[in-house]
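Encoded as structure tokens, the structure appears first; notes follow it.
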Amino acid sequence: MQFFGGTEISPVSAGVNGVGEQRPHDQDHKLMFGLLFSLKSLTAKMDPTTPDKANLGVPQLPGQGCSFHSFRTNTYKLTFMESPSGIKIILVTHPRTGDLRESLKYIYNLYVEYVVKNPLYTPGTPIRCELFNTTLDQYVRSIS
Amino acid sequence: MPPVGPRSGDAIFANVERVNAELFTLTYGAIVRQLLTDLEEVEEVNKQLDQMGYNIGIRLIDEFLAKSNVSRCVDFKETAEVIAKIGFKMFLGVTASVTNWDADGTCCSIVLEDNPLVDFVELPDTCQGLYYCNILSGVVRGALEMVSMKTEISWIRDMLRGDDAFELQVKLLKQVPEEYPYKDDE
């Protein structure tokens, strides 16, 4: 499992309406991963529809349990998508933005076209593809 | 938002950009030919093809997931069906079938009647040990590894060796859950 993206280039920094403020700190990656990991575990634990549940914090297989797609605070909204291959995409936006799940799918497609298909990109390393950054930037601006 | 179901292999195949089939076949042939010249040993070529396939597979899985809308498979049986019906159709334009399940559902065969890689190919006597399509097994192995499934893949039947179809045996070794990748004291 790998956390993609440096602070200046990760999709996290591309907040709609410019809300996604970044602290230039490596700890953010760990913090974000830990948050998503725990929140996923918690939501699966809370799920009233499945009788057999793993203990809190026990790692899950992809597709196992359930998954959350966003949470909202009074200052921002975080929308989250995880592909079965473990790619996690996060958008931090204004709290009043609507459903962004389609946008996340679109961004996943951009990732496939511009990052995965780039022969010079080594899977599992921070993304440094100029074309991806500009296209993503354009797209994010277009949905705001 | 209504959930979007998985798209069929045919639908995706019809929508993606394709290259001329002959160009594809001949390019693959040229790669194998060059590997044979460079590595000399047939065994080494098999290994190299598998490795190349693996490298393709770990990237290809994301394209597959993004374009097919397949979200989760309940079990390995469904996974095998999805590979055969959607995966092979989407990337090679052929449909495969899944057979020969073992009792506990962890080992099966994917059978390809038609394989665009081997048009025009005949194995000469010097290359009898060559698994010409070994790249395919690598692709499947790499792609499954990215969705947490460790597999072992071997060829059971090979048309270039006189069999009536290509049969790829896929054996699920274990499923690895996602783990917290950082150490506590870091």
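Computed values, structure above
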{"read-out": "Selection status of B:Val19, surrounded by 18 or more Cβ atoms within 10 Å (Cβ to Cβ) and of a type outside the set (D, E, K, R)", "value": "no"}
{"read-out": "Odd one out for B:Gln128, checked against (1) buried (at least 19 other Cβ atoms within 10 Å of the Cβ); (2) more than 16 Å from the chain's Cα centre (by Cα); (3) of a type outside the set (A, V, I, L, M)", "value": "(1)"}
{"read-out": "Residues of the stretch A:87-100 classified as farther than 13 Å from B:Ala66 by Cα and facing another protein chain (nearest Cβ under 9 Å), total", "value": "1"}
{"read-out": "Residues of the stretch A:105-122 classified as more than 11 Å from chain B (Cβ to nearest Cβ) and either out of contact with any Phe, Trp or Tyr (no Cβ under 9 Å at 6 or more places or on another chain) or farther than 13 Å from A:Thr135 by Cβ (or both), total", "value": "1"}
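Read the figures in this text as sums done on the coordinates, not as results from a lab. Remember, it's a predicted structure, so these values are computed and weren't measured experimentally. Positions of Cβ are backbone-derived with ideal geometry, glycine not excepted, and every protein chain shown enters the neighbour counts.
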